[in-house]
1. Output the qualifying pairs, or none if there are none: Cβ atoms under 9 angstrom, residues six or more apart or on different chains, first residue in the stretch 236-258 and over 15 Å from Leu168 (Cβ atoms), second residue of a type in the set (Lys, Arg) and assigned to a helix (DSSP H, G or I).
2. Given the conditions (1) touching a residue at least 12 places away in the same chain (Cβ under 8 Å); (2) farther than 23 Å from Pro345 by Cβ, report the number of the one that Val406 does not fulfil.
3. Are any of the residues in the stretch 411-418 farther than 17 Å from Pro180 by Cα and in contact (Cβ under 8 Å) with a residue 40 or more places away in the chain?
4. Hey, among Met318, Met270, which residue is buried (at least 22 other Cβ atoms within 10 Å of the Cβ) and part of a helix (DSSP H, G or I)?
5. Kindly provide the set of residues from the stretch 368-418 that are in contact with a strand residue (DSSP E or B) (Cβ under 8 Å, 6 or more places away or on another chain) and either over 24 Å from Arg199 (Cβ atoms) or among the hydroxyl-bearing types (Ser, Thr, Tyr) (or both), ordered by number.
6. Six or more apart or on different chains, Cβ under 8 Å: which pairs go from a residue in the stretch 8-32 that's over 20 Å from Ile54 (Cα atoms) to one that's of a type in the set (S, T, N, Q) and open to solvent by 40 Å² or more (accessible area, probe 1.4 Å)? Could you list them?
7. Mind checking which residues of the stretch 389-403 are open to solvent by 30 Å² or more (accessible area, probe 1.4 Å) and touching a residue at least 40 places away in the same chain (Cβ under 8 Å)?
8. Within the stretch 133-154, identify whether any single residue is touching a helix residue (DSSP H, G or I) at 6+ places or on another chain (Cβ under 8 Å), assigned to a helix (DSSP H, G or I) and surrounded by fewer than 20 Cβ atoms within 10 Å (Cβ to Cβ), and answer yes or no.
Amino acid sequence: MTLTVVALFVVTYVGMALGRFPGLRIDRTGIALVAAILLLAIGALESGQVTEAIDFPTLFILFGLMVLSAQYAASGFYDWCALRVAQAARSPARLLAVTVAVGGGLSAILANDVVVFAMTPMLCVGLLARRLDPRPYLIGLAGAANAGSAATVIGNPQNILIGQMGHLDFWRFLAVCGVPALVGLLVVYAVVWLAWRGRFGEPDDGVMGEGAAGEGGAEPVALDRAQFGKALVATLVLLGLFTTDLPHEIGVLLVAGAMLISRRLASRGMLGMVDWHLLVLFAALFAINHALKLTGLPAEFVSGMEAAGWLPDRLAVMTPLALAASNSIGNVPAVILLLAAWPSPPEGALYGLAILSTLAGNLLIPGSLANIIVVERAAASGVRLGFLEHARCGIPMTLLSMGFAVLWLWGTGWMRLS
């Protein structure tokens, strides 16, 4: 049984790294779900153990934030915002700055994956209409979404999990991680600008896919101010609830419930905007990691690491681990796996894991879901963003931003260097 569990575990995380299996149209969520089903079928897990393994408060927060984001989407805010960004400034330097600032700012509150999913298509439309190459701005959007999301405990899925596992306070998290996140945004802007300076003009045919938008200009987007106002008030209420002793998941669910009560927006439509695939992925990975935990192997591994002095409670271990894991199996699965194997990390290590795993996701396209979403949504809009084009910016922006984060965590005393 142990060998079977280990085999399914390895196959699952190989799938996380590859994104899919050759010859099959099964993605990361499908791979994890099938593995969890097989673990149930062979008796490695019982139904009650699956329920025990899933961190429901984390899923509740993700779900609630997705509903809140659906309210913004239903108001037309994301399309309006993306088009305004694309039309905001005459200078490419200023336009890139606006893209980075808006993408990073929204991602800190509304979860980065949701922001880039909504903004990428209209940003492509607006940029192509202005005869600008969307690729540098898309790299800036993805990089900013990752860096900006690192600032808060609700900025991305892995931070939500870390915050729930460590019972981290929203504002304390912001105080610790906000500065390196802000520096990360500045680094994203500087690197993209230097890498693409003089090349912000219209892309050639090799970049444009069939059916690319941009001919004849971008259509104006109407913003439903009443629905946007409702979303904005809900966001402010949520931030206010984070100052109370109310559990985060309860506060987020209360706000989500309020968003579903509407005279104009059908709850079915709102719930249809929830990324159920991501929630299923989380639940399946929780179950798979729990099955491995029941074999006793993770506890033995952690004990061995502790005896050898290699626990990731030091920056010399945490930094390369975050960089390697995030850009192989992805930062979300990497954090789920690490916290399953290491259930009681110190508070400083949790902050380090949050900021370093998130910034590490900028290195390569597979490093984070936000990168993958930007590439796929851009392709659907007729713009090809290649692996090497992203890497030319992703590698330096990651190394520079992570370097500052390491110095910050060490200098502020949250983690020791070695």
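1. Short answer, once both residue conditions are applied: Ala258/Lys230.
2. So the condition that Val406 fails would be (2).
3. In the first step, residues of the stretch 411-418 are kept if they are farther than 17 Å from Pro180 by Cα; the result is 418.
With the extra rule that they be in contact (Cβ under 8 Å) with a residue 40 or more places away in the chain, the set shrinks to 418.
Yes, some residue in the stretch 411-418 is farther than 17 Å from Pro180 by Cα and in contact (Cβ under 8 Å) with a residue 40 or more places away in the chain.
4. Selected residue: Met318, the only one of Met318, Met270 that is buried (at least 22 other Cβ atoms within 10 Å of the Cβ) and part of a helix (DSSP H, G or I).
5. Looking only at the stretch 368-418, we keep the residues that are in contact with a strand residue (DSSP E or B) (Cβ under 8 Å, 6 or more places away or on another chain), and these are 382-384, 410, 415-418.
Within the stretch 368-418, Trp410, Met415, Arg416, Leu417, Ser418 qualify.
6. Ala17/Ser328
7. Within the stretch 389-403, Glu389, Arg392, Pro396, Leu400 qualify.
8. Our first condition is that a residue be touching a helix residue (DSSP H, G or I) at 6+ places or on another chain (Cβ under 8 Å); within the stretch 133-154, this holds for 133-154.
The next check asks that each one be assigned to a helix (DSSP H, G or I); those that pass are 134-149.
Among the residues that remain, those that are also surrounded by fewer than 20 Cβ atoms within 10 Å (Cβ to Cβ) are: none.
No, the conditions are met nowhere in the stretch 133-154.
The values are calculated or read from the model by the stated rules, or taken from the named source; none is laboratory data. What you see is a predicted model, and the numbers here were worked out from it, not measured in a lab. Note that each Cβ is placed from the backbone with ideal geometry, even for glycine, and that neighbours are counted across all protein chains shown. When the accessible area is computed, the model is the full protein with side chains, heavy atoms only, and any ligands, DNA or RNA have been set aside. Shrake-Rupley method; radii C 1.70, N 1.55, O 1.52, S 1.80 Å.
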